[in-house]
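A short worksheet on the structure shown next.
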Amino acid sequence: MRGKFIVLEGCEGVGKSTQLRFLKEYLERTGQDAVYTREPGGTPLAEKIREIILTSEMDAETEALLFAAARCDHIQHKILPAMDEGKLVVCDRYLDSSLAYQGFGRDLGYDKVLEINDYAVKHCLPDGVVFIDMNPLDSWRRRKGHVVENDRMEREKDEFHLRVYEGLKHAEKNRSNFLSIVPEVEKDATHRKIVDALRSRGLIR
Ligand SMILES: Nc1ncnc2c1ncn2[C@@H]1O[C@H](COP(=O)(O)OP(=O)(O)O)[C@@H](O)[C@H]1O
Ligand SMILES: [Mg+2]
């Protein structure tokens, strides 16, 4: 049987990587084998493209196409092979980040970015998107006063991040695979919400 595909989405600093770590611990503890990956990146070529995207100035169309190209390599060489072996795949960000960042953040339009990605994605859509629903201006990272501005996306102004959030909320309304999670102050409580949501959809045990 084909393995399931789970994605974590959300704005910067809302706890995606933290929750991914918790989920990994849970899956390991309960004997559920999985492949963990991230976007942009996940394969040697896609990681090289990631480096270019996050460090070089470029126009929005080029950026959208590079994200899609990196995703294409990631799908062909990592995601689909693992799913074909019946493995669960857990990915930090995926298609909906492009729809939100390039579609809304860069204002290319949701449908245009979806069109570019359709070609790369070829029906490799997640079975579940865990959307950590938190306003980026109120993120955990900002509350802690750690505003890390390492890359081109993180350096963008507040309005950009608010448009990204709006894009994710738009995707939430338009896609049936979204599992929206409003995070709790206690990281463990958020983790339990995520596990419950994934279990109730039959995506994990
Ligand atoms: N529930 C929480 N309460 C307080 N801090 C949190 C919580 N969840 C995550 N954090 C902290 O917020 C910061 C950003 O989390 P991270 O998982 O790196 O976010 P992302 O991967 O979404 O950018 C980290 O310092 C992390 O420890
Ligand atoms: Mg992260």
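The values are calculated or read from the model by the stated rules, or taken from the named source; none is laboratory data. Every value quoted in this text rests on a predicted model; they were computed, and no experiment measured them. Every residue, glycine as well, gets a Cβ built from its backbone with ideal geometry; the counts of neighbours run over all protein chains shown.
Only one residue in SER139, SER97 is surrounded by 20 or more Cβ atoms within 10 Å (Cβ to Cβ), under 17 Å from the mean Cα position of the chain (by Cα), under 23 Å from VAL185 (Cα atoms) and not aliphatic (A, V, I, L, M), so which one is that?
SER139
Test SER200 against the criterion of being surrounded by fewer than 17 Cβ atoms within 10 Å (Cβ to Cβ) and within 15 Å of the chain's Cα centre (by Cα), and give yes or no.
No: the conditions fail for SER200.
Can you tell me how many residues in region 1-52 are in a helix (DSSP H, G or I), more than 10 Å from ligand 1 (Cβ to nearest atom), among the small types (Gly, Ala, Ser) and closer than 22 Å to ILE181 by Cα?
Residues that pass the stated criteria total 0.
In region 181-194, which residue that is buried (at least 16 other Cβ atoms within 10 Å of the Cβ) and of a type outside the set (Lys, Arg) is nearest to ARG2 (Cα to Cα)? Write out each step before concluding.
Initial filter on region 181-194 (buried (at least 16 other Cβ atoms within 10 Å of the Cβ)): 181, 183, 190-191, 193-194.
Within this subset, residues satisfying the condition of being of a type outside the set (Lys, Arg) are 181, 183, 190-191, 194.
Numbers: ILE181: 26, PRO183: 30, THR190: 28, HIS191: 26, ILE194: 22 Å.
Here the residue is ILE194.
Listed residues ARG192, ARG199; which is touching a Lys or Arg at 6+ places or on another chain (Cβ under 9 Å) and away from ligand 2 (no atom under 16 Å from the Cβ)?
Step by step, each of ARG192, ARG199 is checked, and only ARG199 is touching a Lys or Arg at 6+ places or on another chain (Cβ under 9 Å) and away from ligand 2 (no atom under 16 Å from the Cβ).
Do you know which residues across region 23-34 are surrounded by fewer than 18 Cβ atoms within 10 Å (Cβ to Cβ) and either of a type outside the set (D, E, K, R) or touching a strand residue (DSSP E or B) at 6+ places or on another chain (Cβ under 8 Å) (or both)?
Matches in region 23-34: LYS24, TYR26, THR30, GLY31, GLN32, ASP33.
Under the condition of being in a helix (DSSP H, G or I) and farther than 19 Å from LEU8 by Cβ, which residue from region 81-108 is nearest to ligand 1 (Cβ to nearest atom)?
Per the criteria, the residue is PRO81.
Among the candidates ALA171, ALA197, single out the residue that is in contact with a Leu (Cβ under 8 Å, 6 or more places away or on another chain), more than 24 Å from ASP111 (Cα to Cα), small (Gly, Ala, Ser) and at pLDDT 95 or above.
Only one candidate qualifies: ALA197.
Residues to consider are VAL164, VAL89, VAL113; find the one that is buried (at least 21 other Cβ atoms within 10 Å of the Cβ), in contact with a helix residue (DSSP H, G or I) (Cβ under 6 Å, 6 or more places away or on another chain) and farther than 25 Å from GLU57 by Cβ.
VAL89
Considering only residues that are in contact with a Lys or Arg (Cβ under 6 Å, 6 or more places away or on another chain) and within 16 Å of ligand 2 (Cβ to nearest atom), which ones fall in region 57-98? Break it down stepwise before answering.
Filtering region 57-98 for residues in contact with a Lys or Arg (Cβ under 6 Å, 6 or more places away or on another chain) gives 60, 83, 88, 92.
Within region 57-98, ASP92 is the sole residue that qualifies.
Regarding region 155-163, can at least one residue be identified that is over 20 Å from ALA68 (Cα atoms) and aliphatic (A, V, I, L, M)?
yes
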